[in-house]
(Lines give C-alpha, C1' and ligand atoms only; values in the text may rest on other atoms or scores of the structure.)
Protein backbone atom coordinates (compact mmCIF):
# COMPACT_ATOMS: atom_id res chain seq x y z
CA UNK A 1 0.00 0.00 0.00
CA UNK A 2 2.89 2.40 0.64
CA UNK A 3 3.59 2.71 -3.10
CA UNK A 4 0.05 3.71 -4.06
CA UNK A 5 0.48 7.45 -3.45
CA UNK A 6 3.63 7.87 -5.59
CA UNK A 7 1.99 5.90 -8.40
CA UNK A 8 -1.15 8.05 -8.25
CA UNK A 9 0.98 11.20 -8.23
CA UNK A 10 2.86 9.99 -11.32
CA UNK A 11 -0.37 9.14 -13.14
CA UNK A 12 -1.82 12.55 -12.27
CA UNK A 13 1.28 14.30 -13.61
CA UNK A 14 1.15 12.29 -16.83
CA UNK A 15 -2.53 13.10 -17.24
CA UNK A 16 -1.87 16.83 -16.80
CA UNK A 17 1.02 16.75 -19.27
CA UNK A 18 -1.07 14.87 -21.83
CA UNK A 19 -4.02 17.23 -21.41
CA UNK A 20 -1.80 20.27 -21.94
CA UNK A 21 -0.20 18.75 -25.03
CA UNK A 22 -3.59 17.95 -26.53
CA UNK A 23 -5.17 21.36 -25.80
CA UNK A 24 -6.47 23.11 -28.88
CA UNK A 25 -6.41 26.78 -29.81
CA UNK A 26 -7.32 28.99 -32.75
CA UNK A 27 -5.14 30.64 -35.35
CA UNK A 28 -6.48 33.53 -37.39
CA UNK A 29 -5.21 34.26 -40.89
CA UNK A 30 -5.66 37.70 -42.45
CA UNK A 31 -5.28 37.28 -46.20
CA UNK A 32 -4.35 40.24 -48.43
CA UNK A 33 -3.00 40.71 -51.95
CA UNK A 34 0.40 41.37 -50.40
CA UNK A 35 0.47 38.12 -48.46
CA UNK A 36 -1.01 36.54 -45.35
CA UNK A 37 -0.62 37.35 -41.66
CA UNK A 38 -1.30 34.52 -39.21
CA UNK A 39 -2.09 35.47 -35.62
CA UNK A 40 -2.72 33.87 -32.26
CA UNK A 41 -5.39 35.31 -29.93
CA UNK A 42 -4.77 35.50 -26.18
CA UNK A 43 -6.83 33.53 -23.67
CA UNK A 44 -6.24 36.33 -21.16
CA UNK A 45 -8.40 38.68 -23.25
CA UNK A 46 -11.43 36.37 -23.55
CA UNK A 47 -14.02 38.96 -24.62
CA UNK A 48 -11.88 40.18 -27.49
CA UNK A 49 -10.89 36.65 -28.49
CA UNK A 50 -14.48 35.40 -28.53
CA UNK A 51 -15.69 38.46 -30.43
CA UNK A 52 -12.97 38.30 -33.09
CA UNK A 53 -13.52 34.58 -33.68
CA UNK A 54 -17.29 35.07 -33.93
CA UNK A 55 -16.95 37.92 -36.45
CA UNK A 56 -14.48 35.85 -38.46
CA UNK A 57 -16.76 32.83 -38.57
CA UNK A 58 -19.59 35.12 -39.68
CA UNK A 59 -17.35 36.41 -42.54
CA UNK A 60 -17.76 39.93 -41.15
CA UNK A 61 -14.25 41.02 -42.15
CA UNK A 62 -14.28 39.59 -45.66
CA UNK A 63 -13.67 42.27 -48.34
CA UNK A 64 -13.16 45.06 -45.77
CA UNK A 65 -10.25 47.45 -46.30
CA UNK A 66 -7.15 48.30 -44.41
CA UNK A 67 -8.41 51.87 -44.44
CA UNK A 68 -5.64 53.55 -42.42
CA UNK A 69 -1.94 52.82 -42.75
CA UNK A 70 0.99 54.78 -41.32
CA UNK A 71 4.51 53.61 -42.02
CA UNK A 72 6.49 53.15 -38.84
CA UNK A 73 3.29 52.91 -36.80
CA UNK A 74 0.46 50.52 -37.74
CA UNK A 75 -2.12 49.28 -40.25
CA UNK A 76 -5.83 49.45 -39.35
CA UNK A 77 -8.98 47.80 -40.71
CA UNK A 78 -12.32 46.32 -39.72
CA UNK A 79 -14.64 49.22 -40.57
CA UNK A 80 -17.77 47.72 -42.23
CA UNK A 81 -18.32 51.01 -44.07
CA UNK A 82 -15.19 50.24 -46.10
CA UNK A 83 -16.82 47.34 -47.93
CA UNK A 84 -18.56 49.61 -50.45
CA UNK A 85 -16.48 52.73 -49.89
CA UNK A 86 -15.91 55.13 -52.76
CA UNK A 87 -12.39 56.36 -53.58
CA UNK A 88 -11.35 59.06 -51.13
CA UNK A 89 -14.24 58.40 -48.74
CA UNK A 90 -13.33 59.01 -45.11
CA UNK A 91 -13.49 55.86 -43.03
CA UNK A 92 -12.95 54.80 -39.43
CA UNK A 93 -16.32 55.38 -37.74
CA UNK A 94 -18.12 52.14 -38.59
CA UNK A 95 -18.68 49.10 -36.42
CA UNK A 96 -21.14 46.32 -35.51
CA UNK A 97 -23.14 48.52 -33.15
CA UNK A 98 -21.44 47.56 -29.89
CA UNK A 99 -18.14 47.91 -28.06
CA UNK A 100 -16.00 45.41 -26.15
CA UNK A 101 -14.90 46.08 -22.58
CA UNK A 102 -11.22 46.95 -22.25
CA UNK A 103 -9.05 44.01 -21.20
CA UNK A 104 -5.66 45.48 -20.36
CA UNK A 105 -2.98 43.00 -19.39
CA UNK A 106 0.59 44.11 -18.62
CA UNK A 107 1.89 40.87 -20.16
CA UNK A 108 0.84 42.07 -23.61
CA UNK A 109 2.30 45.17 -25.19
CA UNK A 110 2.56 46.93 -28.54
CA UNK A 111 5.53 45.10 -30.03
CA UNK A 112 5.71 44.70 -33.79
CA UNK A 113 2.93 42.33 -34.87
CA UNK A 114 0.67 43.06 -31.89
CA UNK A 115 -3.00 42.67 -32.80
CA UNK A 116 -4.88 45.39 -30.95
CA UNK A 117 -8.35 46.92 -30.76
CA UNK A 118 -9.03 50.40 -32.07
CA UNK A 119 -11.35 52.63 -30.05
CA UNK A 120 -12.86 56.08 -29.67
CA UNK A 121 -10.88 58.75 -27.80
CA UNK A 122 -10.82 59.20 -24.03
CA UNK A 123 -13.11 62.25 -24.00
CA UNK A 124 -16.06 60.28 -25.32
CA UNK A 125 -14.82 56.90 -24.11
CA UNK A 126 -13.37 57.22 -20.59
CA UNK A 127 -13.48 53.44 -19.98
CA UNK A 128 -11.34 52.87 -23.09
CA UNK A 129 -13.83 50.33 -24.46
CA UNK A 130 -12.72 48.77 -27.74
CA UNK A 131 -14.41 49.05 -31.12
CA UNK A 132 -16.56 46.02 -31.82
CA UNK A 133 -14.70 45.27 -35.06
CA UNK A 134 -11.93 47.73 -35.89
CA UNK A 135 -8.43 46.54 -35.13
CA UNK A 136 -4.86 47.44 -35.96
CA UNK A 137 -1.62 45.55 -36.37
CA UNK A 138 1.49 47.27 -35.04
CA UNK A 139 4.52 47.92 -37.21
CA UNK A 140 6.24 50.54 -35.05
CA UNK A 141 9.92 51.36 -34.96
CA UNK A 142 12.93 49.99 -33.09
CA UNK A 143 13.69 51.81 -29.83
CA UNK A 144 17.36 52.72 -29.59
CA UNK A 145 19.34 52.26 -26.39
CA UNK A 146 19.60 56.04 -26.28
CA UNK A 147 15.82 56.35 -25.97
CA UNK A 148 15.33 53.37 -23.68
CA UNK A 149 14.57 55.55 -20.65
CA UNK A 150 11.43 56.84 -22.40
CA UNK A 151 9.93 53.35 -22.11
CA UNK A 152 9.93 53.66 -18.36
CA UNK A 153 7.88 56.87 -18.34
CA UNK A 154 4.10 57.01 -18.03
CA UNK A 155 3.61 59.78 -20.58
CA UNK A 156 0.20 60.98 -19.37
CA UNK A 157 1.19 61.16 -15.69
CA UNK A 158 4.58 62.64 -16.52
CA UNK A 159 2.99 65.51 -18.45
CA UNK A 160 0.79 66.38 -15.48
CA UNK A 161 3.60 66.11 -12.95
CA UNK A 162 6.08 68.01 -15.15
CA UNK A 163 3.72 70.99 -15.31
CA UNK A 164 3.48 71.03 -11.52
CA UNK A 165 7.26 70.75 -11.19
CA UNK A 166 7.80 73.71 -13.53
CA UNK A 167 5.56 75.92 -11.36
CA UNK A 168 7.96 75.51 -8.43
CA UNK A 169 10.18 78.63 -8.35
CA UNK A 170 12.99 76.64 -6.73
CA UNK A 171 13.37 74.68 -9.99
CA UNK A 172 14.04 77.76 -12.15
CA UNK A 173 17.79 77.07 -12.69
CA UNK A 174 17.01 73.60 -14.02
CA UNK A 175 14.14 74.93 -16.12
CA UNK A 176 16.50 77.50 -17.66
CA UNK A 177 18.92 74.70 -18.53
CA UNK A 178 16.13 72.71 -20.19
CA UNK A 179 15.02 75.77 -22.15
CA UNK A 180 18.58 76.33 -23.33
CA UNK A 181 18.80 72.77 -24.66
CA UNK A 182 15.41 73.13 -26.32
CA UNK A 183 16.32 76.42 -28.02
CA UNK A 184 19.40 74.79 -29.53
CA UNK A 185 17.10 72.35 -31.32
CA UNK A 186 18.59 69.32 -29.58
CA UNK A 187 15.29 67.46 -29.14
CA UNK A 188 16.93 64.16 -28.23
CA UNK A 189 19.08 65.86 -25.62
CA UNK A 190 16.07 67.77 -24.29
CA UNK A 191 14.08 64.55 -23.90
CA UNK A 192 16.95 62.82 -22.10
CA UNK A 193 17.35 65.77 -19.75
CA UNK A 194 13.64 65.93 -18.99
CA UNK A 195 13.29 62.21 -18.34
CA UNK A 196 16.39 62.26 -16.14
CA UNK A 197 14.35 64.39 -13.74
CA UNK A 198 11.71 61.69 -13.27
CA UNK A 199 12.83 60.72 -9.76
CA UNK A 200 12.97 64.33 -8.59
CA UNK A 201 9.58 65.10 -10.14
CA UNK A 202 8.03 62.10 -8.40
CA UNK A 203 9.48 63.20 -5.06
CA UNK A 204 8.29 66.79 -5.37
CA UNK A 205 4.80 66.16 -6.76
CA UNK A 206 3.93 62.80 -5.22
CA UNK A 207 2.87 61.57 -8.66
CA UNK A 208 4.41 58.27 -9.79
CA UNK A 209 5.56 58.93 -13.35
CA UNK A 210 7.66 55.81 -13.90
CA UNK A 211 6.41 52.33 -14.70
CA UNK A 212 7.88 48.86 -14.54
CA UNK A 213 9.27 47.51 -17.80
CA UNK A 214 9.84 43.77 -18.11
CA UNK A 215 12.98 42.34 -19.73
CA UNK A 216 10.70 40.87 -22.43
CA UNK A 217 9.41 44.33 -23.33
CA UNK A 218 12.88 45.84 -23.45
CA UNK A 219 14.14 43.03 -25.68
CA UNK A 220 11.17 43.28 -28.07
CA UNK A 221 11.17 47.07 -28.37
CA UNK A 222 14.93 47.26 -28.92
CA UNK A 223 15.06 44.45 -31.50
CA UNK A 224 11.84 44.00 -33.54
CA UNK A 225 10.40 47.35 -32.42
CA UNK A 226 6.88 48.50 -31.73
CA UNK A 227 4.78 51.41 -30.46
CA UNK A 228 5.32 51.58 -26.67
CA UNK A 229 3.44 54.87 -26.30
CA UNK A 230 0.19 52.93 -26.87
CA UNK A 231 0.74 50.57 -23.93
CA UNK A 232 -1.98 50.79 -21.31
CA UNK A 233 -4.29 52.73 -23.60
CA UNK A 234 -5.51 50.09 -26.04
CA UNK A 235 -6.27 46.41 -25.59
CA UNK A 236 -3.68 44.07 -27.12
CA UNK A 237 -5.51 40.79 -27.72
CA UNK A 238 -3.29 38.85 -30.09
CA UNK A 239 -0.04 38.66 -32.01
CA UNK A 240 1.02 37.98 -35.59
CA UNK A 241 3.18 34.85 -35.51
CA UNK A 242 3.80 34.59 -39.25
CA UNK A 243 3.85 37.25 -41.96
CA UNK A 244 5.44 40.25 -40.23
CA UNK A 245 6.86 41.31 -43.58
CA UNK A 246 3.31 41.78 -44.89
CA UNK A 247 2.78 44.53 -42.31
CA UNK A 248 5.82 46.36 -43.69
CA UNK A 249 4.55 46.09 -47.27
CA UNK A 250 1.05 47.35 -46.48
CA UNK A 251 2.33 50.18 -44.27
CA UNK A 252 4.57 51.40 -47.10
CA UNK A 253 1.76 51.88 -49.62
CA UNK A 254 1.03 55.43 -50.88
CA UNK A 255 -1.84 57.05 -49.01
CA UNK A 256 -3.95 60.19 -48.98
CA UNK A 257 -4.13 62.91 -46.32
CA UNK A 258 -6.43 60.73 -44.20
CA UNK A 259 -3.85 57.88 -44.33
CA UNK A 260 -6.11 55.76 -46.52
CA UNK A 261 -4.14 53.78 -49.13
CA UNK A 262 -4.65 55.18 -52.62
CA UNK A 263 -5.16 51.62 -53.86
CA UNK A 264 -7.70 49.51 -51.96
CA UNK A 265 -6.18 46.77 -49.80
CA UNK A 266 -8.91 44.28 -48.94
CA UNK A 267 -8.79 41.45 -46.44
CA UNK A 268 -10.28 38.01 -46.01
CA UNK A 269 -10.07 36.60 -42.50
CA UNK A 270 -10.28 32.91 -41.62
CA UNK A 271 -9.98 30.99 -38.37
CA UNK A 272 -8.78 27.43 -37.83
CA UNK A 273 -8.76 25.30 -34.73
CA UNK A 274 -5.68 23.16 -34.20
CA UNK A 275 -3.65 21.69 -31.38
CA UNK A 276 -1.21 23.91 -29.56
CA UNK A 277 1.50 21.39 -30.36
CA UNK A 278 0.82 21.81 -34.09
CA UNK A 279 0.73 25.60 -33.77
CA UNK A 280 4.16 25.55 -32.15
CA UNK A 281 5.52 23.17 -34.79
CA UNK A 282 4.14 25.07 -37.80
CA UNK A 283 4.58 28.67 -36.66
CA UNK A 284 7.23 28.54 -33.96
CA UNK A 285 4.97 30.14 -31.39
CA UNK A 286 5.74 28.82 -27.91
CA UNK A 287 2.95 29.15 -25.36
CA UNK A 288 4.12 30.76 -22.12
CA UNK A 289 2.81 27.91 -19.97
CA UNK A 290 4.84 25.39 -21.98
CA UNK A 291 8.21 27.07 -21.51
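The values are calculated or read from the model by the stated rules, or taken from the named source; none is laboratory data. Not measured: the values here are computed from a predicted model. When we count neighbours, we look across all protein chains shown, and the Cβ atoms used for this are built from the backbone with ideal geometry, even at glycine.
Looking at 54, 47 in this structure, which one is over 20 Å from the mean Cα position of the chain (by Cα), in a helix (DSSP H, G or I) and at pLDDT 95 or above? Working first, answer last.
Values: 47 fails: over 20 Å from the mean Cα position of the chain (by Cα).
Answer to the check: 54.
Output the residue which, of all residues in the range 273-287 that are loosely packed, with under 13 Cβ neighbours inside 10 Å and in contact (Cβ under 8 Å) with a residue 24 or more places away in the chain, is farthest from residue 242 (Cα to Cα).
Checking each candidate, the answer is 273.
Return yes or no: is residue 201 at pLDDT 90 or above, buried (at least 19 other Cβ atoms within 10 Å of the Cβ), on the phi < 0 side of the Ramachandran plot and not assigned by TED's automatic domain parsing to the domain that holds residue 76?
On the way: at pLDDT 90 or above: yes; buried (at least 19 other Cβ atoms within 10 Å of the Cβ): yes; on the phi < 0 side of the Ramachandran plot: yes; not assigned by TED's automatic domain parsing to the domain that holds residue 76: yes.
The answer is yes for residue 201.
Could we say that residue 30 is in the same structural domain as residue 253 (by TED's automatic domain parsing), closer than 16 Å to residue 268 by Cα, touching a helix residue (DSSP H, G or I) at 6+ places or on another chain (Cβ under 9 Å) and at pLDDT 95 or above here? Spell out the reasoning first.
Working: in the same structural domain as residue 253 (by TED's automatic domain parsing): yes; closer than 16 Å to residue 268 by Cα: yes; touching a helix residue (DSSP H, G or I) at 6+ places or on another chain (Cβ under 9 Å): yes; at pLDDT 95 or above: yes.
Considered against the rule, which asks whether it is in the same structural domain as residue 253 (by TED's automatic domain parsing), closer than 16 Å to residue 268 by Cα, touching a helix residue (DSSP H, G or I) at 6+ places or on another chain (Cβ under 9 Å) and at pLDDT 95 or above, residue 30 comes out as yes.
Among (1) closer than 30 Å to residue 189 by Cβ; (2) without any contact (Cβ under 8 Å) to a residue 40 or more places away in the chain; (3) assigned by TED's automatic domain parsing to the domain that holds residue 47, which single condition is residue 109 missing?
(2)
Looking at residue 67, is it over 20 Å from residue 244 (Cβ atoms) and touching a helix residue (DSSP H, G or I) at 6+ places or on another chain (Cβ under 7 Å)? Don't jump to the end; show me each part of the working.
On the way: over 20 Å from residue 244 (Cβ atoms): yes; touching a helix residue (DSSP H, G or I) at 6+ places or on another chain (Cβ under 7 Å): yes.
The answer is yes for residue 67.
Restricted to the range 212-232, and to residues that are closer than 14 Å to residue 156 by Cβ and either outside the structural domain of residue 245 (by TED's automatic domain parsing) or assigned to a helix (DSSP H, G or I) (or both), which residue is modelled with the lowest pLDDT?
Among those residues, the one meeting the criterion is 229.
Restricting attention to helices (runs of 4 or more DSSP H) lying wholly within the range 146-200, give those where 3 or more residues are in contact with a strand residue (DSSP E or B) (Cβ under 7 Å, 6 or more places away or on another chain). Break it down stepwise before answering.
On the way: elements: 155-166, 172-183, 187-195.
Of the helices (runs of 4 or more DSSP H) lying wholly inside the range 146-200, none has at least 3 residues that are in contact with a strand residue (DSSP E or B) (Cβ under 7 Å, 6 or more places away or on another chain).
Within the range 120-128, is there a residue that is surrounded by fewer than 20 Cβ atoms within 10 Å (Cβ to Cβ), farther than 18 Å from residue 231 by Cα and touching a helix residue (DSSP H, G or I) at 6+ places or on another chain (Cβ under 8 Å)?
no
Looking only at the range 70-86, how many residues end up being out of contact with any helix residue (DSSP H, G or I) (no Cβ under 9 Å at 6 or more places or on another chain), surrounded by fewer than 22 Cβ atoms within 10 Å (Cβ to Cβ) and in contact (Cβ under 8 Å) with a residue 12 or more places away in the chain? Quick ask: steps written out before the conclusion?
Step one: filter the range 70-86 for residues out of contact with any helix residue (DSSP H, G or I) (no Cβ under 9 Å at 6 or more places or on another chain), giving 76-77, 79-86.
Narrowing further to those that are surrounded by fewer than 22 Cβ atoms within 10 Å (Cβ to Cβ): 80-81, 83-86.
From the residues that got through so far, the ones that are in contact (Cβ under 8 Å) with a residue 12 or more places away in the chain too are 80-81, 83, 85.
Going through the range 70-86 one residue at a time, the tally reaches 4.
Could you please find all residues in the range 204-237 being at positive phi and in contact (Cβ under 8 Å) with a residue 40 or more places away in the chain?
Within the range 204-237, the first condition is being at positive phi, and the residues that meet it are 206, 225-226, 232.
225, 226, 232, listed by residue number.
Has the range 269-276 got at least one residue that is in a helix (DSSP H, G or I), over 16 Å from residue 77 (Cβ atoms) and over 15 Å from the mean Cα position of the chain (by Cα)? Show your work before the answer.
If we filter the range 269-276 for residues that are in a helix (DSSP H, G or I), which is where we start, we get 276.
Now restrict to residues that are over 16 Å from residue 77 (Cβ atoms): 276.
Cutting the leftovers down to over 15 Å from the mean Cα position of the chain (by Cα) gives us 276.
Looking for residues that are in a helix (DSSP H, G or I), over 16 Å from residue 77 (Cβ atoms) and over 15 Å from the mean Cα position of the chain (by Cα), one finds at least one in the range 269-276, hence yes.
I'd like the residue in the range 146-174 that is under 31 Å from the mean Cα position of the chain (by Cα) and without any contact (Cβ under 8 Å) to a residue 12 or more places away in the chain and, out of all such residues, is nearest to residue 217 (Cα to Cα).
The extreme case among them is 156.
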